[in-house]
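The values are calculated or read from the model by the stated rules, or taken from the named source; none is laboratory data. The structure presented is a predicted model; accordingly, all values stated were derived computationally and were not measured. Here the Cβ positions follow ideal geometry from the backbone for every residue, glycine too, while neighbour counts run over all protein chains shown. Surface areas here come from the heavy atoms of the whole protein model, side chains and all, with no ligands, DNA or RNA. Shrake-Rupley method; radii C 1.70, N 1.55, O 1.52, S 1.80 Å.
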Amino acid sequence: MKNIKIQLGQLIRFKRKEKKMTQTQLADQIGSTITTISTIEKGTANPTLNNLIFIADVLKIDLFAFFNK
């Protein structure tokens, strides 16, 4: 079973690229840094609930999609 943080990061990266957004653009839109987005996408960070809410909003995905298989 894959680590949940890695799965989460892969989903965020996929959805971000689907929207043709850079990490910088996503970071700017959620009021964060490119380092934060990068570490979330790599699965090495523990994203805050607020960051997940903002990312879901910007990427137009249901917050609960992050936790469903």
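Things worth noting here:
- Taking the Cα centre of the chain as reference, the dipole from Cβ charges on Lys and Arg (+1) and Asp and Glu (-1) amounts to some 300 debye.
- Carbon plus sulfur fraction of accessible area for the chain, probe 1.4 Å, in percent: 56 percent
- Taking every alpha-carbon pair under 8 Å whose residues sit at least 6 apart, the chain reaches a relative contact order of 37 percent.
- All aspartates and glutamates inside 18 Å of Lys42 as judged from Cα atoms, apart from same-chain residues fewer than 8 positions distant: Glu18
- In summary, the aspartates and glutamates within cross-link reach of Lys5, defined as a Cα separation below 13 angstrom excluding same-chain residues under 8 places away, comprise Glu41.
- Annotation: per residue accessible area for the chain equals 66 Å², rounded to a whole number [probe 1.4 Å, protein chains only].
- Taken over the C-alpha atoms, the chain has Rg and Dmax values of 10.7, 33 angstrom.
- Measuring only protein heavy atoms, the 1.4 Å probe finds Leu63 accessible over about 40 Å².
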